[in-house]
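Report on the structure given below.
The values are calculated or read from the model by the stated rules, or taken from the named source; none is laboratory data. As the structure is a computational prediction, the values presented were derived from the model and not from experiment. When we count neighbours, we look across all protein chains shown, and the Cβ atoms used for this are built from the backbone with ideal geometry, even at glycine. SASA here: full protein model, heavy atoms, side chains in, ligands and nucleic acids out. Shrake-Rupley method; radii C 1.70, N 1.55, O 1.52, S 1.80 Å.
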Amino acid sequence: IIKPDVNLGMNEEKKMKELFPNSNFITDRDLIKSFQLAKIIICTYPETTFLEALASGRPTILIFPKKHWHFNSQFQELVNSLEKGNIIFYDPIKVAKHINKIWEDPLLWWNSREIKYLKELAFKTLGNPHNKNWIEIWKEFLI
């Protein structure tokens, strides 16, 4: 199941349909409902959707080109920890290997002690989307 972002001129949905013709595409559901349908959520940029995905309770992975995003240095330790825990990836080959490894039961990985700790650390550091002030904390992470 693929939920492409809103078309901002790059025709992502059309490209994904060409690459993955046998996939189901969701275009009319809200994001939170879509998260609940996912076996694994894959985010392609470190913005609000990633934090919301982490908070959804579904296994979440972030993959993006490292050269396109620069994090505030105070968050580098968290970023490094999330990378070590296989939540953040910069290399599509590495993320594919990880997904293949956990595919049978991604919740086994997602609910492991190490990943639970990393999620708690992320929420403590970045804010929890269920907290009304989390956007301000998240903006600091990206600046």
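For the modelled label position 7 Å from the Cα of Glu114 along Cα-to-Cβ, which residues of segment 70-92 have backbone nitrogen atoms closer than 18 Å?
What the label zone holds, given the 18 Å backbone N cut-off, is 77-91.
Can you give the accessible area per residue of segment 24-89, in Å², using a 1.4 Å probe?
Spelled out: the 1.4 Å probe surface of segment 24-89, per residue, equals 53 Å².
When all protein chains stay in place, what accessible area (Å², nearest 10, 1.4 Å probe) is found for Glu120?
My reading of the accessible area for Glu120 is about 120 Å².
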